[in-house]
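Worksheet: the structure to be examined is printed underneath.
Read-outs throughout are calculated quantities, based only on the coordinates presented, and are distinct from any laboratory measurement. Not measured: the values here are computed from a predicted model. FYI the Cβ positions are ideal-geometry reconstructions off the backbone, even for glycines, and counts take in every protein chain you see.
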Amino acid sequence: MTTLKTHVKWFFATALGLVGVEVTAESLGNLAQYPPAPKVLTITTSEEGSPVIEPSVIELDSGKYYRLTVSCPDVKGDLSGWRLELPGLLNNAHLRLVSVGDIEIHLQGLSFNAIECDEIGSATISFVPIKPGSYEFYVGNVPLAVGRPMGESGPQVSGKSVFGTFLVR
């Protein structure tokens, strides 16, 4: 007697041209396993006006549910704030929730580009890293602060910046 699971495996194997190849896919974790493991990234400003990140390396396990709190405790205004970009991690994770204050944005796998700290506060990102690897993240000036268009992505060449790494096992 064949089961629905057998039919689904056969359908995907046929669609992918893998007939005759055993297709087994196991999840690395429950994408909704509560509570998420807490991680904190703090972005401060040095006396020279450069961003300082703590920690500079954040270790994660693929398939585990995390809540990353991004804290900006010393921002003084829109143009002295910092922009955090983490495209490598975001492109290789299942995003669940972004929170700023009491506002929650339920993403369920969609993506976003950056978080800008233009006032003192914090934001949280709840996610499950899916693919192991080393993913660089960037913290630098808000684009307007260095004469670039609002929302421009990528390192600001004329600004001050620092890089960190997410290591996903």
Inset, instruction - Rank these for me by crowding, Leu107, Leu89, Leu95, going from fewest to most other beta carbons within 10 Å. - result: Leu107, Leu95, Leu89
Inset, instruction - Determine the gain in length on full extension of the stretch Glu59-Val162; use 0.36 nm per residue of separation and subtract their C-alpha separation, reporting nm with one decimal. - result: 35.3 nm
Inset, instruction - Step through the residues of the range 154-160 one at a time and calculate ³J(HN,Hα) from phi using the Karplus curve (6.51 cos²θ - 1.76 cosθ + 1.60, θ = phi - 60°), rounding each to whole Hz and writing x for Gly and Pro. - result: x, x, 8, 4, 8, x, 9
Inset, instruction - For a footprinting-style exposure proxy, rank Ile53, Ile125 by other Cβ within 10 Å, fewest first. - result: Ile53, Ile125
Inset, instruction - Neighbouring Cβ atoms within 10 Å as the yardstick, rank Arg169, Arg148 fewest first. - result: Arg169, Arg148
Inset, instruction - Return the distance in nm (one decimal) between the two label points of a simple spin-label model at Ile120 and Glu104, each offset 7 Å from Cα along Cα→Cβ. - result: 2.7
Inset, instruction - Could you size up the charge dipole of the range 59-169 around its Cα centre, putting +1 on the beta carbon of Lys and Arg and -1 on that of Asp and Glu, and report it in debye to the nearest 20? - result: 340
